[in-house]
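Participant: Structure below; questions to follow.
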Amino acid sequence: MNMSSSRRRRFPLSSVTGNNDINESRSFINNSKRSRQKLGAFSLFTTLSIGGLATIILSSYYYYFGSYIGVPPFSNFQHNTNTRVVTPLPSHIQKFSFYIHEPEYTNPRVPIAEMHRKRGHLQVYDMDKAHFIWSKLDRTSLFTKLKPWQRYNQMPGRDYYDEKVWFVIGMDQYCGKKHNLGKGKQCTFPYLPHSYLLDKEDHVVSFLKAIEHNPHKAYVLKESWVNKGAGITILGPNSQELKNVQTSLEDKSNKEYTAKDEYLIQEYICNHLLFENKFKFDLRFYWFIASIDPLIVLFRDGMGRVSKIEYDESDFSNFDMHVSNLSQKGKAVSWEDVSRTIRDHFHSHHKELTDRLGKDIDPVVHVRNQMKAILVDIINAFKQTSFVLGELTADNGFNFLALDYVIDNDLDVFLIEPQSCPGIMRPHIAKHSFAYEHRRNFVSDFVDVAVEVTEKQQLLNQRIFPLKSVANFDVVYDMESGFQYSYEYQRPAKKKGCLQEEL
């Protein structure tokens, strides 16, 4: 299996664990610069009055309508009543201008430049004159060169979403912290496939024991740094691929998989909900960090990605049947199409599902609620490392990312993996295809929010909420108002296995 030829910079694992001593020793935040600055008495009074009124209105909305959409009132955080003053634009900078770091991403099929131009923004080719700076990669060289008034679409710590091994470690450690488990106690969220990290001896031992205990279980071998559906090997029950990995791991002198944190093995999610009762699919949904300081994260509906080969859970010989990534010949479908599949399944298994979930459940809302709650766990797990200004010399920043999910027949959602660069700047999408129009729509939404947040902070130094441009988003995390989304429900204690496990 080919290893990724290019490796990006790494962050020490201690930064993921939330160790206060280590985090405090790192220069992630310049406290003197990031501190909330006091306004004059009249300005502060006015700002607090408007902000307080907005908070009351929004709190009332969530309180009275939250039961329908699964959103609790603003009660999770202590409210921050100060408005942070940010650096205004210099008088010689045109409002607004944008710069795209990679020239190839000015291709007409990449909608970022198009959406800025539609709003009257000027594209510049000198980064020092740009208000918004776009780059596909989190370029370390840019982090410390930004002016305070510039906004960059990246953030330090993005590696945690590119390297699958590090993401699993961070989530498992946060799981233990969230559930108050002692040091060394293993903890995995039920929505994450159980993972074995092949550079850790105890994980390898556990995996070999699992195979011995249940030889009919299926697994997925993943290269940690590879995306677009590549670097994946399906390890079917009793397959030659599984036997090869097992033999390699049992031979301790063989370092093919264990020399570095290059590989992990995850349990295969069985009992899939199928699109049109025929095809395996996954979901790509989006989240937008509208502001890093204060941290505000929005969730947006995405699309389904459907395999083109009819699914047979007892057959692991056909790779394309099990992987629906668009780069691996998958087909894009709308969230509305997926919603119909969910509702059809719900009606076909109405008694079984309502007995567990309740008679008043809306199955589509139930699925979306799980996805949003999973996102909140991710934010909390990496809040001290990813969602900080860190090495950014700008007053604030923004970013867009994606999450890939699958759904089983219990309508339980599983997180497959996060995506830090979800195809938003790739020109290789057929013009006027569904995927092309879908991407243009969500890029337009992202630009609208980024511009509105920036206008409020830089031009007026206002509180960010309420936002006019969030019509297509759900707010899942808002440190300005003290809100984080939550959704609790009970999953079945025992999940159905794949067909071969039942034989």
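The values are calculated or read from the model by the stated rules, or taken from the named source; none is laboratory data. Keep in mind the model is a prediction, meaning the values are calculated, not measured. Please note: Cβ atoms are built from the backbone with ideal geometry, for glycine as well, and neighbour counts cover all protein chains shown. To get the accessible areas, we keep the full protein, side chains included, count just its heavy atoms, and leave off ligands, DNA and RNA. Shrake-Rupley method; radii C 1.70, N 1.55, O 1.52, S 1.80 Å.
Participant: Scan the stretch 118-132 for residues that are more than 11 Å from Arg151 (Cα to Cα) and either of a type outside the set (A, V, I, L, M, F, W, C) or part of a strand (DSSP E or B) (or both) and jot them down.
Facilitator: Within the stretch 118-132, Lys118, Arg119, Gly120, His121, Leu122, Gln123, Tyr125, Asp126, Asp128, Lys129 meet the criteria.
This table checks each residue for (1) open to solvent by less than 40 Å² (accessible area, probe 1.4 Å); (2) under 23 Å from Leu392 (Cα atoms).
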| residue | (1), (2) |
| --- | --- |
| Pro108 | no, no |
| Arg119 | no, no |
| Asp126 | no, yes |
| Asp138 | yes, yes |
| Gln154 | yes, yes |
| Trp166 | yes, yes |
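Participant: Among the residues that make up the stretch 256-279, is at least one of them of a type in the set (A, V, I, L, M, F, W, C), open to solvent by less than 30 Å² (accessible area, probe 1.4 Å), farther than 25 Å from Leu208 by Cβ and modelled with pLDDT of 90 or more? Please lay out each step first, then the result.
Facilitator: Taking the stretch 256-279 first, the residues of a type in the set (A, V, I, L, M, F, W, C) are 259, 264-265, 269-270, 273-275, 279.
With the extra rule that they be open to solvent by less than 30 Å² (accessible area, probe 1.4 Å), the set shrinks to 264-265, 269-270, 273, 275.
Retained after the next criterion (residues that are farther than 25 Å from Leu208 by Cβ): 273, 275.
Filter again for modelled with pLDDT of 90 or more, leaving 273, 275.
The answer is yes, given that some residue of the stretch 256-279 is of a type in the set (A, V, I, L, M, F, W, C), open to solvent by less than 30 Å² (accessible area, probe 1.4 Å), farther than 25 Å from Leu208 by Cβ and modelled with pLDDT of 90 or more.
Listed here are the residues, each with its yes/no results for (1) at pLDDT 90 or above; (2) outside any loop (DSSP other than H, G, I, E, B); (3) hydroxyl-bearing (Ser, Thr, Tyr).
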site: Ser141; (1), (2), (3): no, yes, yes
site: Leu146; (1), (2), (3): yes, no, no
site: Gln154; (1), (2), (3): no, no, no
site: Gly157; (1), (2), (3): no, no, no
site: Tyr161; (1), (2), (3): no, yes, yes
site: Gly170; (1), (2), (3): yes, yes, no
site: Cys175; (1), (2), (3): yes, yes, no
site: Lys183; (1), (2), (3): no, no, no
site: Pro190; (1), (2), (3): yes, no, no
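Participant: Let me ask something else about it. Taking the stretch 296-335, which residues are at pLDDT below 90, surrounded by fewer than 20 Cβ atoms within 10 Å (Cβ to Cβ) and hydroxyl-bearing (Ser, Thr, Tyr)?
Facilitator: Ser314, Ser317, Ser327 - these are the residues of the stretch 296-335 that are at pLDDT below 90, surrounded by fewer than 20 Cβ atoms within 10 Å (Cβ to Cβ) and hydroxyl-bearing (Ser, Thr, Tyr).
Participant: When only residues in the stretch 88-97 that are crowded, with 16+ Cβ neighbours inside 10 Å and either under 25 Å from the mean Cα position of the chain (by Cα) or not in a strand (DSSP E or B) (or both) count, which is modelled with the lowest pLDDT?
Facilitator: Ile93
Participant: Can you find even one residue in the stretch 300-315 that is within 30 Å of Phe387 (Cα to Cα) and of a type in the set (Phe, Trp, Tyr)?
Facilitator: No - not one qualifying residue is present in the stretch 300-315.
Participant: Here's something else I'd like to know. For the stretch 434-485, enumerate the residues that are open to solvent by less than 10 Å² (accessible area, probe 1.4 Å) and β-branched (Val, Ile, Thr).
Facilitator: Val443, Val447, Val449, Val453, Thr454, Ile464, Val476
Participant: Among Asp355, Asp344, which is over 23 Å from the mean Cα position of the chain (by Cα), charged (D, E, K, R) and more than 14 Å from Leu273 (Cβ to Cβ)?
Facilitator: Asp355
Participant: Please enumerate the residues belonging to the stretch 109-148 that are polar (S, T, N, Q) and either within 29 Å of Ala435 (Cβ to Cβ) or in contact (Cβ under 8 Å) with a residue 12 or more places away in the chain (or both).
Facilitator: Within the stretch 109-148, Gln123, Ser135, Thr140, Thr144 meet the criteria.
Participant: To continue, here is another question. In the set Ala130, Ala113, which member is over 21 Å from the mean Cα position of the chain (by Cα) and under 20 Å from Ala290 (Cβ atoms)? Lay out the reasoning, then the answer.
Facilitator: Values: Ala113 fails: under 20 Å from Ala290 (Cβ atoms).
Selected residue: Ala130, the only one of Ala130, Ala113 that is over 21 Å from the mean Cα position of the chain (by Cα) and under 20 Å from Ala290 (Cβ atoms).
Participant: Still on this model: For the stretch 167-200, how many residues meet the condition of being free of Cβ contacts under 8 Å to residues at least 40 places away in the same chain, charged (D, E, K, R) and out of contact with any strand residue (DSSP E or B) (no Cβ under 9 Å at 6 or more places or on another chain)?
Facilitator: So the count comes out to 3.
Participant: Further question on the same structure: Evaluate the following for His131: is it surrounded by 20 or more Cβ atoms within 10 Å (Cβ to Cβ), in contact with a helix residue (DSSP H, G or I) (Cβ under 7 Å, 6 or more places away or on another chain) and closer than 30 Å to Lys383 by Cβ?
Facilitator: For His131, the condition - surrounded by 20 or more Cβ atoms within 10 Å (Cβ to Cβ), in contact with a helix residue (DSSP H, G or I) (Cβ under 7 Å, 6 or more places away or on another chain) and closer than 30 Å to Lys383 by Cβ - is not met.
Participant: Taking Leu264 as meeting all but one of (1) hydrophobic (A, V, I, L, M, F, W, C); (2) outside any loop (DSSP other than H, G, I, E, B); (3) within 22 Å of Pro492 (Cβ to Cβ), write down the number of the exception.
Facilitator: With (1) hydrophobic (A, V, I, L, M, F, W, C); (2) outside any loop (DSSP other than H, G, I, E, B); (3) within 22 Å of Pro492 (Cβ to Cβ) applied to Leu264, the lone miss is (3).
Participant: Still on this model: So, Asp412, is that one charged (D, E, K, R), open to solvent by less than 30 Å² (accessible area, probe 1.4 Å) and at pLDDT 95 or above or not? Break it down stepwise before answering.
Facilitator: On the way: charged (D, E, K, R): yes; open to solvent by less than 30 Å² (accessible area, probe 1.4 Å): yes; at pLDDT 95 or above: yes.
So Asp412 fits the description; yes.
Participant: Among the residues of the stretch 306-313, are any more than 16 Å from Val453 (Cβ to Cβ) and assigned to a strand (DSSP E or B)?
Facilitator: Among the residues of the stretch 306-313, at least one is more than 16 Å from Val453 (Cβ to Cβ) and assigned to a strand (DSSP E or B), which makes the answer yes.
Participant: From (1) modelled with pLDDT of 95 or more; (2) exposed (fewer than 15 other Cβ atoms within 10 Å of the Cβ), pick out the condition that doesn't hold for Val364.
Facilitator: (2) is the only condition that Val364 fails.
Participant: Additional query: Show the residue pairs that are 6+ apart or on different chains and have beta-carbon atoms under 8 Å apart, the first residue being within the stretch 266-279 and closer than 13 Å to Ile309 by Cβ, the second being part of a loop (DSSP other than H, G, I, E, B) and not polar (S, T, N, Q).
Facilitator: Leu274/Lys280; Leu274/Tyr311; Lys278/Glu310; Lys278/Tyr311; Phe279/Lys308; Phe279/Ile309; Phe279/Glu310; Phe279/Tyr311
Participant: Can you say whether Asp293 is of a type in the set (Asp, Glu) and either in a strand (DSSP E or B) or surrounded by fewer than 17 Cβ atoms within 10 Å (Cβ to Cβ) (or both), as far as the supplied structure shows?
Facilitator: no
Participant: All but one of (1) part of a loop (DSSP other than H, G, I, E, B); (2) charged (D, E, K, R); (3) surrounded by fewer than 15 Cβ atoms within 10 Å (Cβ to Cβ) hold for Lys243; which doesn't?
Facilitator: Answer for Lys243: the failing condition is (1).
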